[in-house]
Each structure stands twice: as C-alpha cells, then as structure tokens.
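Where a number appears in this text, it was derived from the coordinates with a stated rule and is not lab data. Remember, predicted model here, so these are calculated numbers, not experimental data. Positions of Cβ are backbone-derived with ideal geometry, glycine not excepted, and every protein chain shown enters the neighbour counts.
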Amino acid sequence: MQQTIAPSTGNAPSLPPFAFEREPGAAAAPLPAKYKRHEPEKTALYTVVAGNLETFLEAARQQSTSGTGCPAFIEREIRNYAEHTIMRSVPVQVVGAAVTVVCSG
C-alpha cells in the first residue's frame, strides 16, 4: 500500500490525498545506472553569475537607497551558487537574455 497523507483544511472541503512515491520504496531505491549529473557549472547562467558576481553586488550597493545592496541572504545564495552551483531560493527575473536577481532596497 502506498503511503499517502490527506491534507487537513479545517472547515474547507477535503482535498484528495497526496502520494509521495510512484510505488512503495521508490524514494529509497538507488539511482539508475544511466543517471548523469546535470553539470550546472557548464551552463550560460553559471558563467554569467560567476563572471559578474562582484560587479553585480557592487552595482546593487550603489543603487540601493540604504547603500547595503542586496539582502544578506540573497548575496549568500548567489555566492553559494557561484562557488558550489547550488541555488535554492533566490528570486530571479528573466527579461530577454538578461537574468536579474530581484533585490529591493
């Protein structure tokens, strides 16, 4: 039997249960032999972010009203991506060929 969790919404109508695995035990199964890492460090986004990081952060500092630039968590996430190619929750805006990290301030 597949494990499911029925969401509770108080007085709202019930939602259907969520299934977290296609089949029992699928999440614990080893990766298939044909699995190939995506290699994000070879993408255009990584090249642009890593190559222009300091310039971007300095421009953000100069353009912000407080002079602090991007919030610390944004800078931390961008640096983490540039150093380790891991980006989790940085909001980005894509306009044409430009990728802009959304910073307010």
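Which of the peptides 62-74, 24-36 is most tightly packed, and how do the rest follow, going by the mean number of other Cβ atoms within 10 Å of each residue? Kindly include the intermediate steps, with their values, before the conclusion.
Values: 62-74: 12.6, 24-36: 7.6.
Final packing ranking: 62-74, 24-36.
Could I have the simple spin-label model distance between Ala72 and His84, label points 7 Å from Cα toward Cβ, reported in nm to one decimal?
Those two pseudo-labels are separated by 1.8 nm.
Relative to the present Cα-Cα distance, how much length would full extension add between His38 and Leu53 at 0.36 nm per residue of separation?
Numbers: separation 15, 0.36 × 15 = 5.40 nm, distance 2.21 nm.
So the chain would gain 3.2 nm between His38 and Leu53.
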